[in-house]
Structure formats: structure tokens, C-alpha cells
Amino acid sequence: MRRLALLIALVAAPAQANVCKVANLDFLPGEQPVDAPMRFPLQIVAWIEDPAGNYVDTIYITQETGTYGLGNRPGRFDFNSAPGWPYGRRISVFPVWSHKQPLTFPEVVFQDGLDDNLSHQLMQSSRELHYCRPMNYGDSGDKISWDTGSCASTLVNTDKGVFDESVQSHYPPRNDTVPVKEDSPSVAMYSMLNTFDAVSGATPASGAPAQVTWTAPFDLPLPDGNYVLVVEVARENDMNQNYNPTAFPSPVGIPYGDYGVPYRGQPSVIYKIPFTFDATDRVATTTDYVGYGDPDGLDGNIRPPDGTITSTQVGSGAGRLQLTTGGYRLRLQTHVEDDSLAPVAPQNLAPVELKSTSATLSFIAPGDDGAAGKRVRTYEAHMRVGDAITDANFASSPPLLATVEIGDAGTETFIDLSGLLPLTTYSVGIRATDDCSNIGPIATVTFTTTDRASGEVDACFIATAAYGSVMANDVDMLRRFRDMFLQHSALGELAVEGYYTFGPALAQAVGESDLLRATARRFLDPVVAKVERLKF
């Protein structure tokens with residue numbers, strides 16, 4: 001589940017007691033220097049250790065690694081990059097954290113085993129809802145898209161990969177996928193293995209104060225005493241005289257090697273705050289970084305500060321977290337909270353706008369104590385297609401891949417849903433959790449999307465009539481071939497226009513005859529087989 005809020009915490013089982021230990025981390029993400037050739041957001045992870053350096057728990061990780069599998073996805077680690085780049089396991093993003101936390105996962109590789117190739121068969125590539133397609137920076141149109149940070153095309157298909165059980169990764173796979181025919185069986189296991197999605201959140205906006213709130217899970221032994229908070233911060237393309245494309249160039253001799261640009265700049269930097277957890281409210285701060293991680297991500301050692309890391313420029317190197325007016329880069333406030341009242345269910349959950357492929361829902365935000373009090377810590381939302389969501393099936397239903405803002409109690413909150421199907425019934429459930437992990441009841445709503453607007457064409461008419469459903473796998477394959485190949489050439493565009501002129505009438509005749517449907521399928525089957533073997 002995506003969480004736009006900067007208040008991130010581990011959702012644990014309902015409390016056995018009303019008292020919980022809470023830590024609030026404040027910091028100011030620095031803007032990337034204006035002379036940087038490309039803009040990349042910060043990647044941040046924070047975890048707790050005991051004074052001896054033993055790992056205790058991860059309290060926050062940015063979504064690119066915690067949810068979208070940045071550290072464990074198909075493709076060699078030194079692939080070029082760009083905003084929204086979909087491939088390359090970035091093992092250098094958090095090398096210290098990844099080697100400190102105890103979990104390992106099978107490494108994710110391309111289904112065809114060619115981990116140095118950006119081109120993959122359609123039959124092994126499914127719809128991509130997060131990343132963009134790889135682009136060539138030399139093309140002027142692509143460069144404009146890069147500069148705006150937007151995808152060049154809304155239709156993107158990627159190979160979600162397959163587990164290589166012979167190699168273990170220190171990073172979790174992505175946790176946002178719903179497997180389809182083109183995906184490997186491994187994809188169904190990604191969300192089962194990735195436990196860090198529970199503490200992942202959107203990257204805080206650069207130049208704006210940010211806060212992470214963490215509540216010690218009740219099943220985590222955390223006695224009063226001394227601890228250390230460790231924060232690791234990374235940024236792609238953060239170059240200086242020591243870390244740049246000359247020192248860390250693009251890989252050579254690979255297909256489509258001119259796509260993207262070298263991204264490996266300065267390595268991750270580490271900050272630490274010693275603190276005490278007990279019944280007393282306490283504040284601890286730090287101003288300096290303590291070292292940096294391995295530039296290649298091969299070990300978890302912390303290199304001591306030296307002249308290779310930029311330390312005087314906001315947003316770069318040791319300045320990725322900006323020095324605040326309060327004189328700190330990180331501030332940790334700890335306290336014990338007594339909270340016996342869970343939030344109420346979100347009130348008046350209802351659709352405010354329905355379209356053929358999208359919907360906007362709204363509700364009145366609960367408080368952390370019933371309907372009142374301060375803001376809740378987080379929301380958990382799930383969605384089902386065709387049947388109602390209930391208390392019994394809520395947890396097993398697919399998570400809602402949409403942003404849910406955290407607002408003050410009593411304020412109206414909106415949820416924007418995209419990628420829906422026309423004339424389809426959906427059921428959405430949402431519940432809130434407060435700082436002491438008290439979980440409120442679910443609110444549910446059921447709605448049906450509208451039909452396509454007049455003149456809105458997407459379906460492959462004849463293929464739909466032949467196979468019986470707009471969502472048939474082979475129909476989807478042909479639609480992607482149309483959008484990715486035919487509509488990008490003059491001849492292909494002419495063929496598409498002619499198809500839309502004569503297709504509907506022919507499709508009506510095919511749809512009314514079993515014989516014609518069977519004949520159309522025999523004609524389309526070899527076309528589908530050829531399309532499946534195409535690479536993009």
C-alpha cells in the first residue's frame with residue numbers, strides 16, 4: 001500500500017497494553033544541486049541498533065526500495081538510469097542497511113536469463129504501473145520527458161523477473177505486482193516475502209521539513225535502555241570530482257547501451273544518533289555524517305569521512321540532509337504514550353466521481369482517539385473486484401495501489417483510483433491505525449465504473465469478438481502490439497485507422513456467429529504467436 005504521508009510506522013497486531021514507545025524523527029531533505037544533469041529523489045532508510053551494533057528493527061524506508069524493489073529487480077546493477085528507469089538491481093543504494101538487516105531473498109533476474117539486455121519479449125512482459133520505459137537521452141522528445149520527470153508513454157510493459165534460487169540478495173523484491181499470464185510464478189511470491197512494505201513510504205519532498213513516526217511493535221522486545229538510530233541516505237547521479245561517469249562509466253558491449261546515462265555518483269552516507277528509550281521524554285540530535293557505504297554495494301562496512309565526499313554543498317554528499325535552523329540534520333524525540341482508544345472507521349466513504357477507467361472516493365478522516373484527537377498514523381486499504389470486501393476477507397484482498405493522504409480529524413480526504421475497467425464493480429475497504437497500533441474498524445464502499453465515453457476506442461474489435469472478452473490475454477497482447485509498434489509508424493497508423501473504420505461492423509458479424517468466431521480465432525492465433533515472440 002502506498003502512503004504519501006511522512007508519518008511512517010510498523011503496523012503491528014492490536015495492542016496487548018495501552019502503553020507504547022514512540023519515536024519521532026525530524027529532518028530536512030536537501031534539494032539536488034541545480035547543476036546536476038538529472039534530478040533524482042533521495043532514497044532514505046532508518047533503523048535501530050543496540051549499543052553493540054546489533055540490528056533491532058527498520059523504522060522507515062523509501063518506497064522505491066521498500067515497495068518497488070529497487071535493490072532486487074531484473075538487470076545488472078550498473079545499468080544506466082533515468083527518472084522512472086525500470087531495470088537494474090541497485091545493490092549500492094543502501095549497502096550498510098542491506099547487510100545489517102538479517103533477511104535475504106532470492107535474486108530477481110530476467111525470465112530469459114539475459115541480464116545485460118534491455119529488450120524483452122512481450123510474452124514475458126506485463127503492464128507496468130510504476131516505472132517508465134527506458135529512453136534514449138539523445139532523442140529530443142525523450143529529453144523533454146526526462147526533464148519533466150514524466151513517462152514518455154502511459155503504456156509501459158516490463159519483465160517483472162523470476163527468482164534465481166542459487167543467488168541470494170540482501171534486498172526485498174517489489175511488492176506492488178498482481179501476477180498475470182506473462183509473469184513468472186515467482187511474481188506471486190514477491191509480496192509474501194517482502195515485509196518492508198509495512199514501513200515504506202513516499203520520499204519526502206526536498207526542501208520541506210519531514211517527520212517519520214515509529215511505534216515499537218508490541219511483539220518486539222524493546223526494554224528501557226540505550227540505542228542508536230542509524231540513517232542511510234542515497235541519491236543517484238550525485239556526482240563530484242571523485243565519483244562521476246569517468247570513474248564509474250556505463251557498462252559496455254550490451255544491447256541498447258546508449259539508453260539512459262551513467263548514474264553512479266557519490267555513495268550512500270550514514271548518520272547516527274545515540275538515544276535512550278525510557279519513561280522520560282527525550283531529544284537527541286546530530287549534525288555530522290559518520291561515514292559512507294561501499295560504492296559498489298558489495299559489503300556493509302562504513303568508510304570513515306574523507307575528502308572524497310562533498311560536505312559543503314546542500315543536497316550533495318554529506319549535505320543530502322540539510323542543516324536546519326535548529327542547528328541539526330537529524331532530531332529524534334522519544335516518549336511513552338498511553339492510548340487505549342482506537343480510531344473510528346473513516347466516515348461517509350463514497351465515490352465523488354466515476355469514469356470508465358478511474359474513480360475518486362472521499363471520506364471524513366477519523367482521529368487517533370475515536371473521531372477526535374490528533375491525526376491517525378496511517379491507513380490500510382484493500383480492493384476486490386466483483387464481490388464485497390468484508391472483515392473476513394479484508395487482509396487477504398489485494399492492497400489498494402493508490403495514495404491516501406493523512407489529514408486532520410474531521411477533514412475530507414480523497415483517494416484517486418486509476419487503471420480500472422469499464423462497467424466493472426469494485427469494493428474498497430479502508431481502516432486507520434494510531435500511534436499505539438490500535439486498529440480501527442473498516443469502512444467499505446462498492447461502486448461500478450461507467451461505460452466508455454462516446455468515441456472512446458480502445459478494444460481490439462475483431463479480436464474481442466473472436467475471444468469473447470476485452471480482457472482475454474490474447475486480446476491484451478494484440479492491443480499492446482498496436483500501441484507499442486503500429487501507432488509509431490506512418491504505415492502502422494494507417495492500418496490502425498483503417499481497422500477502426502471497418503472493424504466494428506465486421507466485429508458485430510463475427511460476434512453473432514460461432515463459426516465466424518472460430519474462424520477468426522484460427523486466423524488470429526498465429527498472429528498472436530508471432531506477437532508474443534516480439535521484443536520491445
Specify the residue that is farthest from Val108 (Cα to Cα); the eligible residues are those in the range 163-180 that are acidic (Asp, Glu) and in a strand (DSSP E or B).
-> Glu165
Taking the condition surrounded by 19 or more Cβ atoms within 10 Å (Cβ to Cβ) and not basic (Lys, Arg), does Val228 pass?
-> no
Count of the range 411-424 residues which are modelled with pLDDT of 90 or more and either polar (S, T, N, Q) or more than 18 Å from Leu354 (Cβ to Cβ) (or both) | 2
Selection status of Ala359, more than 27 Å from Ile59 (Cβ to Cβ), crowded, with 17+ Cβ neighbours inside 10 Å and out of contact with any Gly (no Cβ under 9 Å at 6 or more places or on another chain) | yes
Could you please find all residues in the range 94-125 being closer than 10 Å to Tyr171 by Cα and either in a loop (DSSP other than H, G, I, E, B) or of a type in the set (Lys, Arg) (or both)?
-> Phe94, Gln101, Leu103, Thr104
Among the candidates Asn237, Asn244, residue that is in contact with a Gly (Cβ under 6 Å, 6 or more places away or on another chain) and farther than 30 Å from Thr334 by Cβ | Asn237
Answer yes if at least one residue in the range 190-201 is farther than 15 Å from Asn72 by Cβ and not in a helix (DSSP H, G or I), and no otherwise.
-> yes
Yes/no for Ala371 being surrounded by 13 or more Cβ atoms within 10 Å (Cβ to Cβ), over 30 Å from Asp238 (Cβ atoms), without any contact (Cβ under 8 Å) to a residue 40 or more places away in the chain and among the aliphatic types (A, V, I, L, M) | yes
Find the residue count for the range 314-371, including only residues that are under 19 Å from Thr449 (Cα atoms), among the small types (Gly, Ala, Ser) and in contact with an Asp or Glu (Cβ under 6 Å, 6 or more places away or on another chain).
-> 1
In the range 276-284, is there at least one residue being touching a helix residue (DSSP H, G or I) at 6+ places or on another chain (Cβ under 9 Å) and of a type outside the set (Lys, Arg)?
-> no
Identify, by number, the condition in (1) closer than 30 Å to Ala402 by Cβ; (2) surrounded by 17 or more Cβ atoms within 10 Å (Cβ to Cβ) that Gly293 doesn't meet.
-> (1)
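Conditions tested, residue by residue: (1) out of contact with any helix residue (DSSP H, G or I) (no Cβ under 6 Å at 6 or more places or on another chain); (2) assigned by TED's automatic domain parsing to the domain that holds Gln211; (3) modelled with pLDDT of 90 or more.
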| residue | (1), (2), (3) |
| --- | --- |
| Arg2 | yes, no, no |
| Ala13 | yes, no, no |
| Asp26 | yes, yes, yes |
| Asp35 | yes, yes, no |
| Phe40 | yes, yes, no |
| Gly53 | yes, yes, yes |
| Thr67 | no, yes, yes |
Mind telling me which of the residues Gln322, Gln347, Gln333 ends up being farther than 30 Å from Asn244 by Cβ and surrounded by 15 or more Cβ atoms within 10 Å (Cβ to Cβ)?
-> Gln333
Looking at Gly88, is it surrounded by fewer than 24 Cβ atoms within 10 Å (Cβ to Cβ) and either in the same structural domain as Arg303 (by TED's automatic domain parsing) or in a loop (DSSP other than H, G, I, E, B) (or both)?
-> yes
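The values are calculated or read from the model by the stated rules, or taken from the named source; none is laboratory data. Computed from a predicted model, the values in this text were never measured in an experiment. We place every Cβ from the backbone using ideal geometry, glycine too, and count neighbours over all the protein chains shown.
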